[in-house]
1. Evaluate region 140-161: report whether one residue or more is in a loop (DSSP other than H, G, I, E, B), surrounded by fewer than 18 Cβ atoms within 10 Å (Cβ to Cβ) and without any contact (Cβ under 8 Å) to a residue 40 or more places away in the chain.
2. Can you pull out the residues in region 73-89 that are outside any loop (DSSP other than H, G, I, E, B) and of a type in the set (A, V, I, L, M, F, W, C)?
3. Taking the condition in contact with a Leu (Cβ under 9 Å, 6 or more places away or on another chain) and more than 24 Å from Gly37 (Cα to Cα), does Leu120 pass?
4. From the set of residues in region 147-189 that are among the hydroxyl-bearing types (Ser, Thr, Tyr) and at pLDDT below 95, which is farthest from Val81 (Cα to Cα)?
5. Just checking, which of Glu126, Glu119 is closer than 17 Å to Asp175 by Cα and either at pLDDT 95 or above or charged (D, E, K, R) (or both)?
6. Do we have any residue at all in region 130-140 that's of a type outside the set (Lys, Arg) and over 19 Å from Asn96 (Cα atoms)?
7. Quick test of your reading of the structure: Met68 fulfils all but one of (1) of a type in the set (A, V, I, L, M, F, W, C); (2) within 13 Å of Met142 (Cα to Cα); (3) in a loop (DSSP other than H, G, I, E, B). Name the failing condition by number.
Amino acid sequence: MLKLRNIQAFYGNIQALKNIDMDVNQGEIITLIGANGAGKTTTLMTLCGIVPPASGHIEFQDKDITGMAPDRIAALGISQVPEGRRIFPYLTVMENLDMGTFLRKDKENIKTDIDHVFELFPILAERKNQQGGTLSGGEQQMLAISRAIMSRPKLLLLDEPSLGLAPIVVKQIFDIIRKINQESRVTIFLVEQNANLALKIAHRGYVMENGAITMNDTGQNLLADENVKTAYLGI
C-alpha cells in the first residue's frame, strides 16, 4: 500500500531522515518506535507532504506522491492524527467531526459514520455539543481520532496517541486502534514512544535511531529482542 524509498529530509542544514526505506501492507498495523528526536514525527510529516523529502520517493497505492501537496495527499485517503491532538478547541465535538468530512463527496453516508464513532467513543456522544477545548485530554484524543475516521481514510497515521494520558485511558485508546484496524479494515501507521503497547498490537515494527531505520521485524519478535528490551522497554 505504501512504499518509502531512500527518503532523506532536512530542517535547514540538519538532516532529519537518512535514506529511509519502509513498506506498509494493506490491512496492517505498522509501528515506528524510537527515542525523542529520532525522526518519527518527521517521517509522518514527510508522508503527509508537510516536510517535502530532499531525495527519494514515496508511493501510495502505486501512485507517486513525492512532493505532492498535503491536501491532495489527504484526498487520496491518508489521514493523520497529529501529536498533541490539534483539535479545534472553540468548535463543538460535532463541528470538529464535520471538519473531518471536508473532502468527502458522499454526504449521505456521514450520519452513519458519526453513529460509528459514537459507538467507538460513547463519551463523545454525551459531549457532542461541548466545545472541544473543554474536554479532558483523553476525550480530546478520542475526538482527534474520530475526526480522522470521518474522512474515511485508507491509511490512518497516528502520532503519539498515548502522550500525556492516564494508563487506563491509554489502554482504551489502543483497544480502539486495534478495533478500527480489524473491524473497519483501516491500515494504520502508528508512531509511539510506548513501545511495549505499540509492538503488542502491531503486525510489524520499525526502530528508528538518529533519523535512520536500524531494525525491522514482526511486533512480537521486536518485543522479544534484547536490544529493544534494553533501549525501549526498560527491561
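The values are calculated or read from the model by the stated rules, or taken from the named source; none is laboratory data. Treat the numbers as computed from the prediction; the structure is a model and nothing was measured. We place every Cβ from the backbone using ideal geometry, glycine too, and count neighbours over all the protein chains shown.
1. For region 140-161, residues in a loop (DSSP other than H, G, I, E, B), surrounded by fewer than 18 Cβ atoms within 10 Å (Cβ to Cβ) and without any contact (Cβ under 8 Å) to a residue 40 or more places away in the chain: absent.
2. Ile73, Ala74, Ala75, Leu76, Ile78, Val81
3. no
4. Only one residue fits best here, namely Ser184.
5. Exactly one residue qualifies, and that residue is Glu119.
6. no
7. Failed condition: (2).
Table: residues versus (1) among the aliphatic types (A, V, I, L, M); (2) under 15 Å from the mean Cα position of the chain (by Cα); (3) within 16 Å of Ser184 (Cα to Cα).
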{"position": "Lys105", "(1), (2), (3)": "no, no, no"}
{"position": "Glu119", "(1), (2), (3)": "no, no, yes"}
{"position": "Leu135", "(1), (2), (3)": "yes, no, no"}
{"position": "Glu160", "(1), (2), (3)": "no, yes, no"}
